[in-house]
Structures are given as C-alpha cells and as structure tokens.
1. Of everything in region 80-104, what is of a type in the set (S, T, N, Q) and either touching a helix residue (DSSP H, G or I) at 6+ places or on another chain (Cβ under 9 Å) or part of a helix (DSSP H, G or I) (or both)? Give them in sequence order.
2. In region 7-42, what residues are touching a helix residue (DSSP H, G or I) at 6+ places or on another chain (Cβ under 8 Å), exposed (fewer than 15 other Cβ atoms within 10 Å of the Cβ) and either within 29 Å of residue 192 (Cβ to Cβ) or hydroxyl-bearing (Ser, Thr, Tyr) (or both)?
3. If you go through region 236-247 one residue at a time, do you hit one that is in contact with a strand residue (DSSP E or B) (Cβ under 8 Å, 6 or more places away or on another chain) and aromatic (Phe, Trp, Tyr)?
4. Scan region 102-120 residue by residue and report those that are surrounded by fewer than 24 Cβ atoms within 10 Å (Cβ to Cβ) and of a type outside the set (Ser, Thr, Tyr).
5. Every residue in region 189-222 that is modelled with pLDDT under 95 and either among the basic types (Lys, Arg) or surrounded by fewer than 16 Cβ atoms within 10 Å (Cβ to Cβ) (or both), please.
6. Every residue in region 105-164 that is polar (S, T, N, Q) and part of a helix (DSSP H, G or I), please.
7. Would it be correct to say that residue 217 is over 25 Å from the mean Cα position of the chain (by Cα) and among the charged types (D, E, K, R)?
Amino acid sequence: MILITDSGATKADWIALDEKGNEMFMTQTLGLSPEVLTREVIEDRLANNFELSKNRHKVSRLYFYGAGCGTDRMKKFLRNIFKSFFNKAKIEVKEDTYAAIYSTTKIGHQGIVCILGTGSNCSYYDGHQLFQKVISLGYIPMDDGSGNFFGRKLIRDYYFHKMPQALGLKFASEYNLDPDVIKENLYKQPNPNTYLATFARFLIENKDHPYCKGVIDKGLQQFVNNYIMQFELATKVPVHFVGSIAWFLRDELKMVLERNDLITGVIRQRPIDGLVEFHKETI
C-alpha cells in the first residue's frame with residue numbers, strides 16, 4: 001500500500017493506492033505541522049484515525065508533504081514518528097512546497113509555485129529543482145496573504161475600530177471576540193495560526209463589501225511584492241497557486257496578478273488531487 005499525504009497547518013489529506021495505482025481509501029486528519037505540534041499530539045492524531053490505524057502495518061511507502069517540513073531537523077522529527085507508526089514503510093518527508101509543485105507543474109516546465117492557505121509560501125521551479133529566496137519564519141512575522149494573515153488583520157481592525165461599524169457588528173455576531181477567548185487561543189492553545197485563519201471565512205463571505213475588498217487587495221498585493229517579485233523571471237513564467245485562500249479568492253487573485261503583469265497558471269484548492277496523478281505515473 002502506498003500512502004500519499006498533503007498536510008497543511010489546518011488539515012491533512014491522505015490517499016492510499018495499491019501497487020497498481022488504484023485508490024483504496026481517502027481520509028483526513030488534523031494538520032501535522034512539526035513546528036507547532038509535539039510528538040504526542042501527532043501520534044494521537046494518527047492513532048485516532050480509523051483508516052490509518054487499521055492499515056498502518058500494510059503501508060509499504062509513505063510520501064508525506066507537509067507545512068513546517070522545510071528544515072532537516074523537522075523532517076527527521078516527523079520521519080521518526082512515522083517510522084514507529086508505519087513500521088513497514090519506506091518514509092519520504094518533504095515540505096509542502098513540493099506538493100504544490102507536483103500538483104501544478106509538469107516535470108521539465110518552469111513556473112513560480114505559491115501556497116495561499118492557512119499559511120503562505122512561494123518558490124521558483126526550473127523544471128527540475130526548487131529555489132527559494134526567502135526562508136519562512138512562520139506565521140507571526142511572515143505568511144503574507146494567508147488565512148492567518150487576514151484573520152490577524154480583521155481582529156486588529158476590529159479592536160482598533162478601523163472596521164466599519166455595521167460590518168463590525170456582523171463580525172462580532174459570528175465570532176466570540178471576547179479578549180480572554182482570543183488570548184486563550186493565541187497564547188495557550190495549540191495551532192494559533194489555524195485559529196487566526198478561521199476568521200478569514202468572514203472576509204471571503206463578505207468579499208464584495210468595500211472594506212473587505214480593500215483588505216483582500218492589499219493583502220494579495222503584499223504577497224506579490226514580498227514573495228513573487230523576488231524572482232527575476234516573475235513576469236516571464238506562469239504563477240501557480242494551491243490553497244483555500246487562493247481558490248476562494250481566485251477572481252481577486254487573478255486581478256492582482258494581471259495588474260502586476262504576471263501570468264496566471266493553475267489554481268487548485270487541494271494539492272492532493274494533482275499529487276495522486278503525479279505518483280501514479282511513477283508507480
């Protein structure tokens with residue numbers, strides 16, 4: 001059995017294939033980002049999934065692509081956990097950028113590949129190798145244009161009274177904005193980045209409101225400025241995207257890209273779909 005996994009900060013999609021490439025099952029766990037989770041939490045998330053637990057000894061290969069797996073230390077940390085759980089499997093752990101590349105770009109083709117989901121990232125792919133000019137420092141100082149970026153913006157604007165009054169009342173009616181609740185989730189609970197990203201739903205659902213339009217446009221433009229434009233070939237190759245923010249704001253994203261003379265490439269909500277096709281070709 002071959003397991004293919006795409007793990008963001010919020011959730012992880014798992015698809016199992018047999019040795020002929022036929023799909024056996026698909027399941028989902030909470031995200032398994034090694035930067036923000038302990039070994040115990042990751043082990044619990046694996047063990048509490050029925051399909052993974054039932055088939056753990058049948059897995060011969062695991063291809064895991066995950067947020068927070070950009071350093072050798074984090075890859076080794078996760079690999080050791082997986083070796084213990086899937087004890088008969090050969091384990092390969094790569095950062096989620098590779099999932100985005102394999103999902104959107106054919107081998108041998110150039111492109112800039114971006115992630116806009118709970119977090120954000122951007123890389124250049126020359127058809128064979130991945131290049132990054134900015135090393136991510138995580139959700140607090142970076143992640144421009146991401147779900148947690150927009151969530152943080154909404155909370156700040158609400159508390160600094162910069163959100164229009166009527167929209168602010170609507171915002172407060174849909175979320176618990178008690179300061180103690182917010183601080184509890186940000187400073188005492190796991191996955192504060194995922195918590196912040198939950199507020200992005202409000203922005204998407206109200207994206208036609210002038211305030212929301214402005215926040216979205218500025219956030220996406222900031223991502224273009226700080227991430228995409230770092231590459232000299234930015235305006236010469238297609239720019240691909242994966243992630244829920246890119247997908248649900250794809251019309252707004254296309255407008256920002258066009259304004260900056262960028263070529264819109266593939267936009268996928270879930271990298272796992274393209275990943276399966278990629279791995280089927282290598283079985």
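The values are calculated or read from the model by the stated rules, or taken from the named source; none is laboratory data. From a predicted model like this one, the values you see are computed outputs, not experimental measurements. Ideal geometry is used to build each Cβ from the backbone, glycine not excepted, and the neighbour counts take in all protein chains shown.
1. 80, 84, 97, 103, 104
2. 39
3. Yes, the conditions are met somewhere in region 236-247.
4. Hits for region 102-120 are 106, 107, 108, 109, 110, 111.
5. Hits for region 189-222 are 189, 190.
6. If we filter region 105-164 for residues that are polar (S, T, N, Q), which is where we start, we get 105, 110, 118, 120-121, 123, 129, 132, 136, 146, 148.
Within region 105-164, 148 is the sole residue that qualifies.
7. No.
Results for (1) over 20 Å from residue 10 (Cα atoms); (2) touching a residue at least 60 places away in the same chain (Cβ under 8 Å); (3) not charged (D, E, K, R), shown as yes or no for each residue.
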site: 201; (1), (2), (3): no, no, no
site: 206; (1), (2), (3): yes, no, yes
site: 235; (1), (2), (3): yes, no, yes
site: 238; (1), (2), (3): yes, yes, yes
